[in-house]
Amino acid sequence: MPDTDNAFQAALDLILGLDPTLLGIVALSLQVSLGAVLVGALIGLPLGAALALWRFPGRGLVVTLLNAFMGLPPVVAGLLVYLLLSRAGPLGELGLLFTPTAMVIAQSLLVLPIIAALTRDHVRSLWDEYREQLHSFGVTRLRAMPSLLWDARFALMTVILAGFGRASAEVGAVLIVGGNIEGVTRVMTTAIALETSKGNLSLALGLGLVLLGLVALVNATAYLVGERARRKLG
Amino acid sequence: MPDTDNAFQAALDLILGLDPTLLGIVALSLQVSLGAVLVGALIGLPLGAALALWRFPGRGLVVTLLNAFMGLPPVVAGLLVYLLLSRAGPLGELGLLFTPTAMVIAQSLLVLPIIAALTRDHVRSLWDEYREQLHSFGVTRLRAMPSLLWDARFALMTVILAGFGRASAEVGAVLIVGGNIEGVTRVMTTAIALETSKGNLSLALGLGLVLLGLVALVNATAYLVGERARRKLG
Amino acid sequence: DERKEAHYIVLASTTSTENSGLFSAIIPPFTEATGISVRVVAVGTGQVFALSRRGDADALLVHDAAGEARLIDEGYASERAEIMYNDFVIVGPNQDPAGITTAKRATGAFARIAAAESPFVSRGDDSGTHRAERQLWQATGIAPQGEWYRVLGSGMGPTLNTAAAMGAYVFTDRATWAAFDNRQDLVLLFEGDEALFNQYASLLLLEERHPHLKHELAREWHRWLLSEEGQRAIADFEIAGQAVFTPNAQRGTDRSPGNQ
Amino acid sequence: MNDFCHPTTLLPTASPASQPLLRLEGLGFSHQGQTLLQAIDLSLAARGRTVILGPNGAGKSLLMRLAHGLLTPSCGHVRWATHESGRPLRQAMVFQRPVMLRRSALANLTYALAARGVPWRQRRGLAQAALTRFGLASLADRPARVLSGGEQQRLALARAWVLEPDVLFLDEPTSALDPASLRAVEDAVHAFHAQGSRIVMTSHDLNQARRLADDIVFLYEGHVIEHTPAREFFHAPSTQLARGFLSGDLLG
Amino acid sequence: MNDFCHPTTLLPTASPASQPLLRLEGLGFSHQGQTLLQAIDLSLAARGRTVILGPNGAGKSLLMRLAHGLLTPSCGHVRWATHESGRPLRQAMVFQRPVMLRRSALANLTYALAARGVPWRQRRGLAQAALTRFGLASLADRPARVLSGGEQQRLALARAWVLEPDVLFLDEPTSALDPASLRAVEDAVHAFHAQGSRIVMTSHDLNQARRLADDIVFLYEGHVIEHTPAREFFHAPSTQLARGFLSGDLLG
Ligand SMILES: Nc1ncnc2c1ncn2[C@@H]1O[C@H](COP(=O)(O)OP(=O)(O)OP(=O)(O)O)[C@@H](O)[C@H]1O
Ligand SMILES: Nc1ncnc2c1ncn2[C@@H]1O[C@H](COP(=O)(O)OP(=O)(O)OP(=O)(O)O)[C@@H](O)[C@H]1O
Ligand SMILES: [Mg+2]
Ligand SMILES: [Mg+2]
């Protein structure tokens, strides 16, 4: 596969070249994915915990739907946000279409179900263990939520990284609501798709390697921080 | 958002119409995603468990890379498989490109890291609890693996569903290695992308709703089976 | 600077135009001249029209005469001006199993492919290029079907990637082909028939429909494309030393006062 | 057997000092078709130390969890008296298998204090004092989950101690303790009692029951067989089952 | 303090019957800079019942886990004798806080049997017999994790029993048991011993130690203070610390 060899070459050139355009794209990619993960985690962690803690009629349905939304196609998420933000849509006035904000919104939709659904299982097994003790302390479920999320933080880190992976990998949603506008909303994945459609396979792969390296960097940071904290806990 | 109303209408029409073309697409979608999840789980579950059980130099690196590969862009996975299976590529002889098999291979690449990385945390917390007891029984790590995977099965179900979600939602990989050939490799997500690029937004959304419904059905089945088994365990 | 930031239009166009690299060549001189930047959203032809109808693009540049006419009929667009053309070509495996290089006309080439049942890949996405291909089949008098006729549902680039890997014939436009890298075994086999003419047009949207759009700026862009300067920029754009778009604005229809 | 059984609500009743502190009325608990506790009628007086005795699996822990409000009974009622002001009684429980939060020993205490609404500034001091009281001062910063069995049990006791409960449930609180700690904990129980805390505990150490109990509840297979003053129970048990239990012949 | 300390390997030595079964040589264990066990030199004879005594946190459980091979010592060696054939000795351990697999009580036993390589056909019968032996026959199908504290401890004992170990470690095996079960377990220990199993156990019940022990290891703050025959230890402890411990004055 000569193209893959060239891809490594291309990736190396891209990195060594320190091309300002590339740097801009990289920065925007990170900004959008991290923004989406932030939003997804801020809503998804409490939501997942709530579904683990409270029993109510229809919970099974909610859980099933949440799990199903892990399979929300990015294109569909993109379309929904597009229709919302389009001039003819209800939020058209805001003029958010084809901006990074729109991309963050669309990706949040993708990240949220993943974080919530996976959080639920971790909190559930911790809650199984803690429930009676916390009840005995007089801790309400609402006040137990932050404690459980905190005590499950090491496993939840992987959950959040899964959400980050989803955000940084997807192209369908950002393409539709961002438009892949050069210098404005072009991110790594849309650039990869563009180069692929130009038949620049090694450049596309090279960009893919750079993106993966970037994601790996974020993951490595999270891993090191997590392991250090874990070690302190014995 | 008139388009979204139309989307529900379109989804309804699609379902009620029982269009044989649509049925074929639905069947292929399920076949490919479930195939990828099967492959991903068969490799990912033991791999994740192994990473939880064994300590070896460089494990941190492997874990970080695995977590990072949760962010493998579908287009990149698709390109890699494309280059591998293309006639000029090393496995070109097999003639697998533009077949459902190629799509399963590409999606397995996407599903595998998710299942392995998330499995690792569940097995790890179970292993923390079981380790000394199993060692005392004389159970080797290798033989502990199936026991741990079995005892963590309820949480792992969600992990597998996350993998299934990823597979059924992505379009980048199947588009490249499948080619979205009508009647041969067209699946729901590629059909949605096609209708979007045709500007048939409500049909695209309708197809998206049908796909989500399908995924929800799979999830509901898994949920019901899981809850019944869990109830039996007290 | 700040003025520049707010001074932009969103231009909806097709992927084939974007992939060729045309915009990177002609937008900088336009921005230079007017201080207006252009944000290109490159999507499928149908999606271009959808964006325009919903008021999400300020200007559009497409190559689908029927779709353009409908947009005007429906009262979304106010003015259409032909800007340039390029041509479609037929690309296929080096060995040319159907022997189309010797065909006289495009219809003949298609007939030979159908007769030989050589693999042919169609975009199948209802884009301008796909419609042109369908029309050509119609002119040939053949309704292509069978194992050899593969209907995809992809953009031009992905379709070329697929054709390259399958070693199939494919109907494409010269610009995309010229800029395409992953040719593998494919070569240009047939070109030059009048029937392969591919006209691009710029449309202005109706102000009453979408008052919020930047009609003033869009008009400046539209006029610039028609102007001598714009036409020269298009003519100067080359891929690998080859001009791929031919400007053909009819100055007569350019009723633009004060542009010079 | 389960023919007349209503689910319940926890109903506080206004309580003159003479009224019982806790009344269990027709209490029953079943799980997945198995009846684990049945027809429990029991009144606990406002003061004193009650020890629940019975073989393994008799239902002692279940009974305490029901009374403490951790489980919902399948039938019958749990009625607690309240303070004169109407404020519910403060309860605390030391579990048979204490649950250690994934934090340091000290943080386990401050967490409980925070849950009880103790202001932030006071928590650390109170927690340190409780650790010292139970001989854990030097282990304050150690993660609670790596403490030895006995240390964990002492930490659980400290965690209950620090909450100054009106009612204290102790489920075999000294099972993992060394002789000196055992004595210290028994002293602490006396101290709780002296301060007016109501003690309800279980134990398998009959000598301990003899030393601590004012009255005995004897459970067997989910039924209350006897509820008598301690002296009477140990000297003249009124049932065959209790006699068997005391002599160590009664298998659960 | 930790000035001469090598990490270790588990080295089996060929053993004539007279040789000690287990030799701990300069054994030490530290964790994150804290020395938890230090300079342990100990030989256990081929037969007999050894009871390890000591206050909470002395290191009894750590010592047993090191000997059983669950932890890797920070320094020193653990040397086990082997069978004459060179086959290592079969060991089993009942943990202070037994770990119940997420399966039924019966499946917890068959799992252990499977791990020991017992053929599939025999497992169920052996497991049922062990459950019956420990009074758990009626609970065979109940999920192990909902069993009461005492039932779980009995299940853990049954799980060790069924493995017919050459060496059996018991970490406070009767702490949660009712009087009758306690007697049954002590009988079982005698039976193990009679069958030739080597018993190493801990207990905080000094009466139990008196009843069961052939020799006593007295641990204090990670050090072995005494290792003497039981009769000697209880009648004339040679150290001040042991005297304090026996009288219940020594706080851990
Ligand atoms: N969730 C449950 N599902 C099924 N059975 C249960 C459940 N919880 C408890 N049990 C059963 O109820 C019985 C009583 O349990 P409980 O823990 O109250 O016993 P106990 O008297 O405290 O015994 P011990 O002295 O061993 O602690 C036991 O046989 C136990 O197996
Ligand atoms: N992983 C660990 N990290 C830090 N300290 C530990 C760890 N494991 C055990 N310890 C400490 O080692 C000491 C000895 O623990 P061990 O469990 O051996 O005590 P023990 O003698 O069995 O006490 P008990 O009678 O309470 O069971 C305790 O103080 C405990 O806190
Ligand atoms: Mg109990
Ligand atoms: Mg211990």
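The values are calculated or read from the model by the stated rules, or taken from the named source; none is laboratory data. Since we're looking at a predicted model, the values are computed, not measured. No Cβ is skipped: glycine too gets one built from the backbone with ideal geometry, and neighbour counts run over all protein chains shown. Accessible surface areas use protein heavy atoms only, side chains included; no ligands, DNA or RNA. Shrake-Rupley method; radii C 1.70, N 1.55, O 1.52, S 1.80 Å.
Basic side chains Lys and Arg get +1 at the Cβ, acidic Asp and Glu get -1 at the Cβ, and with that the dipole of the stretch A:20-233 about its Cα centre reaches some 460 debye.
Shown in residue order for the stretch D:189-206 are the 3J(HN,Hα) couplings computed by the Karplus curve 6.51 cos²θ - 1.76 cosθ + 1.60 at θ = phi - 60°: 4, 4, 5, 3, 4, 4, 6, x, 6, 7, 10, 10, 9, 10, 6, 9, 8, 4 Hz (x for Gly and Pro).
The C and B chains share an interface that buries close to 1600 Å² of accessible area, total over both sides, probe 1.4 Å.
A dipole drawn for the protein assembly as shown from +1 and -1 charges on Cβ atoms has a positive end, and of C:41, C:124, B:187 the residue lying farthest that way is B:187. Binning the alpha carbon pair distances of chain D at 10 angstrom intervals from zero yields the distribution 7, 30, 34, 23, 6, 0, expressed in whole percent.
Just checking the listed ones, B:139, B:210, B:171: in the Gaussian network model of chain B with Cα springs under 10 Å, the one fluctuating most is B:139. Here the label points at residue B:6 and residue D:138, each 7 Å from Cα along the C-beta direction, are separated by 7.8 nm in the simple model.
According to the Kirkwood relation over distinct C-alpha pairs, the hydrodynamic radius of the stretch E:84-205 is 14.5 Å. Within a straight-line Cα-Cα reach of under 21 Å, residue C:214 can be paired with the following lysines, leaving aside sequence neighbours fewer than 8 residues apart in one chain: C:4. Mean projected area of the Cα convex hull of the protein assembly as shown, taken over all directions, amounts to 57.3 nm². Around the amide H of residue D:225, modelled in the peptide plane, lie the amide H atoms of D:218, D:219, D:220, all under 5 Å away and 5 or more residues distant in sequence or on another chain.
Using the per-residue mean of other Cβ atoms lying within 10 Å as a proxy for protection, in what order, highest first, do the peptides A:53-63, E:59-69 fall?
The densest-packed peptide leads the list: E:59-69, A:53-63.
For the stretch E:37-155, the share of alpha carbon pairs falling in successive 5 Å distance bins from zero is 2, 9, 15, 17, 16, 15, 14, 8, 3, 0 percent. With a Förster radius of 22 Å applied to the C-beta separation of residue E:84 and residue E:124, the computed FRET efficiency comes to 0.10. Largest first, the three principal axis extents of the alpha carbons in chain C are 58, 39, 33 Å in whole numbers.
Could you give the angle, 0 to 90 degrees to the nearest 10, between helix C:22-34's Cα long axis and the longest principal axis of the Cα atoms of chain C? So the inclination is approximately 10 degrees. Modelled spin-label separation between residue C:147 and residue E:19, with each label point placed 7 Å from Cα along the Cα-to-Cβ direction: 7.6 nm.
Ranked from largest, the principal axis spans of the Cα set of the stretch A:123-201 equal 64, 22, 15 Å. Solvent-accessible area lost on pairing A with B (1.4 Å probe, both sides summed) amounts to about 4600 Å². Other protein chain C-beta atoms within 10 Å of residue C-beta, averaged over E:99-111: 3. Counting only other chains, and only Cβ atoms inside 10 Å, what mean value do you get across the residues of A:216-223? For peptide A:216-223, the averaged partner shielding equals 5.
Each residue, residue C:246 and residue B:59, gets one label point 7 Å from its Cα in the Cβ direction; the gap between the two is 7.0 nm. When the Cα atoms of the stretch C:29-103 are aligned to their principal axes, the ranges along those axes come out at 49, 35, 20 Å in descending order. Per residue of C:52-62, other chain Cβ atoms within 10 Å of the residue Cβ number 3 on average.
If eta is 1.002 mPa s and T is 20 °C, what Stokes-Einstein diffusion coefficient results for the stretch A:1-91, Kirkwood Rh from Cα pairs, in µm²/s?
Working: Rh = 17.4 Å.
In µm²/s, the coefficient is 123.
Computed over every Cα-Cα pair of the stretch C:174-232 and binned at 10 Å starting from 0, the pair-distance distribution P(r) comes out as 16, 28, 26, 21, 8, 0 percent.
Helix D:120-133 and the longest principal axis of the Cα set of chain D meet at an angle near 70°.
By Kyte-Doolittle mean hydropathy of at least 0.0 and Cα axial length of at least 30 Å, which whole DSSP H helices of chain B are selected? Mind showing how you got there, number by number?
Numbers: long enough: B:20-53 (48 Å, 1.98); B:100-137 (47 Å, 0.28); B:201-232 (46 Å, 1.09).
Qualifying helices: B:20-53, B:100-137, B:201-232.
The residue among A:138, A:209, A:22 whose Cα reaches farthest toward the positive pole of the charge dipole of the stretch A:20-233, with charges on the beta-carbon of Lys, Arg, Asp and Glu, is A:138.
Counting only Cβ charges, +1 for Lys and Arg and -1 for Asp and Glu, the dipole size of the protein assembly as shown around its Cα centre is about 4740 debye. Annotation: the antiparallel percentage among DSSP beta bridges lying fully within the protein assembly as shown is about 55. Based on Cα atoms of the stretch A:35-177, Rg over Rh with Rh as the Kirkwood radius reads 1.06. Between 0 and 90 degrees, rounded to the nearest ten: what's the tilt of helix E:149-161 against the longest Cα principal axis of chain E? Approximately 90 degrees, to the nearest 10. Simple point charges give the picture: +1 on the Cβ of Lys and Arg, -1 on the Cβ of Asp and Glu, and for chain E a dipole about the Cα centre of about 1120 debye. Entry note, the stretch A:110-168: relative contact order of 64 percent, from Cα contacts under 8 Å with a spacing of 6+ residues. Protein heavy-atom accessible surface, 1.4 Å probe, per residue over the protein assembly as shown: 39 Å².
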